Amino acid sequence: MNSDKILKNILFIASLLILLISGAMVFSLVRGSMTSIHEFGWKFLFSSEWNPTKGEEEYGALLFIAGTLFTSVLALVIALPLAFSTSLFVAEYFRNTRMASIVSTLVDLLAGIPSIIYGLWGFYILRPFIVSIGLTPQGYGIFTSGLILAIMIVPYATSLSNTTIMMVSNELKEAAYSLGATRLEVIWNVILPNARSGITASYVLAFGRALGETLAVTMLIGNANIIPTGLFSTGNTMASVIANQFGEASGLQLSALIEIGLLLFVITTIINAVGKFIIKRFA
Amino acid sequence: MDKTNILLDKKRTEIIPDSFIGRNARNRLFLGVVIFFSVLTISMVFLIIGTMLFKGYHQINWAFFSQTPPNTFEAMMAKSSGNIIPGGIVNGILGSLYLVVIASLIAIPLGLLIGIYLYENSSKKYAGVIRDITDILQGVPSIVIGLIVYLWVVVNVTKGYSVLAGSVALALMMLPLIIRSTEESLKMIPDTLKEAAIALGTPYYKVILRVLIPTSFTGLMTGILLAISRILGETAPLMLTTLGNPAINWNITKPVGAVPLLIWQFYNDPNMVDLIWSSSLFLMGFVLILNLLSKWIGARRRI
């Protein structure tokens, strides 16, 4: 066998490893949650009972699923104007200027700040602020977590949007300008329809990020095992409950936590797949 | 003459429709809104970094980099007498470096190989599948990675929290980033360069080592640095795999401290709160420098 063939085989085996790794990930999650799946079956998805007291253990994931979706949707809604404005700033209004490159570097830095630091900042700065303007008595809850998550996902929402907005062809824009359109009209009638799929995909991917964020949310949501009743209600998320209870968990509780991890894995994978699908379909 | 002028003027005003004033106003208003929200977004960077600097700088001293953290009692005594908290986070700094080095040793070679495979076979359907799986892997929440590595390494291999487990978790998070950045930077190499080497009868491994990797070196470096900066601040997966260690440890099968883990620990101990900010300042400074460095290298690349 010559060296080229050996190399080809090595590269191929390396690529097989990634298949193996992802297969093993799913396998381990499923095997780890078997105890819980046998015990609760489908009820796990629809029950919001979470009682780790030995002897009367009862686990259901509904309240965590609700908390996760609630915070992430709120985060996306708050992040939307921020991300969209930043994209237009960088990719349209101040395109190729020094200002734009500074702004995009700063937004990239937002992606570099670790989750735990967002959590600390939210806990020590944002939470007291929310208390002081009288939104909630303690400052914990869906709203505070959603705000912090929104800042965290802005860079993920902008990066792909920027590229697609920049890719809209100049001829189209110039045609609109020559008909007397204002810049705003060009943005709404030319740029948005042409860049729609890329922008949508980037928000979907950002939403996927928000679903899995752990510590920043854990520090701010209040960790109350209830289904959130409103914007300022406390709650708990799937990632938070794993982080909070993993240390002391064993047996059935551990298995239930792993099943929550499996659910989180499935949900984020679906969301990411949808995002990729939109990109591929319309690219 | 006069008459026609008046007529023309009249026509001129008619050319500009009334609605234009409204459209123009809306146009300007929208620009204002865009600038407002953009400034709001980037001001968050300054707010967060400013908070760290303002609250953390006075704890940064030599001891901070050379000593292990104090126990709760020492911290309480120092606080009640108005001093700064003694001790530092050297166990966390060394631990973080240890974890990152082992994770890099696992993820970088494997990531490069898979990236090269994708580049070589980019049009194959199988490569498309690998690419999709890589993207999915990148989207897996870090806490779930922690759970999985707990099941793999902590339970089965080291029978307890360990450096190895933490490194595997971090490596799994680095891997997709490195694979994609490798493929992207190899794609930028002109085909002629590779063809020239092959035409000379160079064995393919030499083409990779002598042509592909050197010419895309800056791109590869950017990807690696960015991946390291992403995992350096990861806390959640480490909580499930390395746990933390108040002392310095070099044994790969034993728990180790890490800066983000220490921040979490300080956060949960009311007496240690002052150490949070300096540790965060250090962590963020490190992460941001790596981030900017990778951007700078990326911007300097020539091909």
For region A:101-168, which fully contained helices (runs of 4 or more DSSP H) count at least 3 residues that are buried (at least 21 other Cβ atoms within 10 Å of the Cβ) and touching a residue at least 40 places away in the same chain (Cβ under 8 Å)?
A:115-121, A:142-167
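Yes/no per residue for (1) touching a residue at least 60 places away in the same chain (Cβ under 8 Å); (2) crowded, with 18+ Cβ neighbours inside 10 Å:
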| position | (1), (2) |
| --- | --- |
| A:His38 | no, no |
| A:Glu49 | no, no |
| A:Glu57 | yes, no |
| A:Leu63 | yes, yes |
| A:Ala83 | yes, yes |
| A:Leu88 | yes, yes |
Restricting attention to region B:234-275, which residues are under 22 Å from the mean Cα position of the chain (by Cα), in contact (Cβ under 8 Å) with a residue 40 or more places away in the chain, within 12 Å of chain A (Cβ to nearest Cβ) and buried (at least 24 other Cβ atoms within 10 Å of the Cβ)?
B:Glu234, B:Ala236, B:Pro237, B:Leu238, B:Met239, B:Leu240, B:Thr241, B:Ala258, B:Val259, B:Pro260, B:Leu261, B:Leu262
If only one of B:Ile179, B:Ile143, B:Ile106, B:Ile102 is more than 12 Å from chain A (Cβ to nearest Cβ) and in contact (Cβ under 8 Å) with a residue 60 or more places away in the chain, which one is it?
B:Ile102
Conditions (1) touching a helix residue (DSSP H, G or I) at 6+ places or on another chain (Cβ under 6 Å); (2) more than 7 Å from chain B (Cβ to nearest Cβ); (3) surrounded by fewer than 16 Cβ atoms within 10 Å (Cβ to Cβ) -> A:Asp4 fails only (2)
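Here's the yes/no breakdown for (1) in contact with a Gly (Cβ under 8 Å, 6 or more places away or on another chain); (2) among the polar types (S, T, N, Q):
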{"residue": "A:Leu110", "(1), (2)": "no, no"}
{"residue": "A:Ser132", "(1), (2)": "no, yes"}
{"residue": "A:Met167", "(1), (2)": "yes, no"}
{"residue": "A:Asn170", "(1), (2)": "no, yes"}
{"residue": "A:Ala176", "(1), (2)": "no, no"}
{"residue": "A:Leu184", "(1), (2)": "no, no"}
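Quick grid of which residues meet (1) farther than 30 Å from B:Tyr150 by Cα; (2) touching an Asp or Glu at 6+ places or on another chain (Cβ under 6 Å); (3) assigned by TED's automatic domain parsing to the domain that holds B:Leu175; (4) of a type in the set (D, E, K, R):
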| site | (1), (2), (3), (4) |
| --- | --- |
| B:Thr192 | yes, no, yes, no |
| B:Glu195 | yes, no, yes, yes |
| B:Gly201 | yes, no, yes, no |
| B:Tyr205 | yes, no, yes, no |
| B:Ile213 | yes, no, yes, no |
| B:Ser216 | yes, no, yes, no |
| B:Ile228 | no, no, yes, no |
| B:Gly233 | no, no, yes, no |
| B:Ala236 | no, no, yes, no |
Can you pull out the helices (runs of 4 or more DSSP H) entirely within region B:100-215 that have at least 3 residues that are surrounded by 20 or more Cβ atoms within 10 Å (Cβ to Cβ)?
B:125-139, B:142-149, B:163-187
Hey, could you check region B:289-301 for residues that are in contact (Cβ under 8 Å) with a residue 60 or more places away in the chain and of a type outside the set (Ser, Thr, Tyr) and say which is nearest to the other protein chains (Cβ to nearest Cβ)?
B:Asn291
Only one residue in A:Leu74, A:Leu82, A:Leu106 is at pLDDT below 95 and among the hydrophobic types (A, V, I, L, M, F, W, C), so which one is that?
A:Leu106
Taking the criterion of being in contact with a Lys or Arg (Cβ under 7 Å, 6 or more places away or on another chain), within 7 Å of chain B (Cβ to nearest Cβ) and under 25 Å from B:Val34 (Cα atoms), would at least one residue in region A:110-127 satisfy it?
no
On the basis of being part of a helix (DSSP H, G or I) and over 19 Å from A:Thr71 (Cα atoms), does A:Gly198 make the cut?
yes
Got a number for residues in region B:270-286 being among the hydrophobic types (A, V, I, L, M, F, W, C) and farther than 14 Å from A:Leu120 by Cβ?
1
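For (1) more than 9 Å from chain B (Cβ to nearest Cβ); (2) within 19 Å of the chain's Cα centre (by Cα), each residue gets a yes or a no:
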{"site": "A:Asn225", "(1), (2)": "yes, no"}
{"site": "A:Thr229", "(1), (2)": "yes, no"}
{"site": "A:Met238", "(1), (2)": "no, yes"}
{"site": "A:Val241", "(1), (2)": "yes, yes"}
{"site": "A:Ser250", "(1), (2)": "yes, no"}
{"site": "A:Ser255", "(1), (2)": "yes, no"}
{"site": "A:Val274", "(1), (2)": "yes, yes"}
Checked B:Thr41, B:Thr68 against criteria (more than 23 Å from the chain's Cα centre (by Cα), buried (at least 16 other Cβ atoms within 10 Å of the Cβ) and not assigned by TED's automatic domain parsing to the domain that holds B:Asp274); the one match is B:Thr68
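The values are calculated or read from the model by the stated rules, or taken from the named source; none is laboratory data. Fair warning: this is a prediction, and the values are worked out from it, not measured in the lab. Glycine gets a Cβ as well: all are built from the backbone with ideal geometry, and neighbour counts include every protein chain shown.
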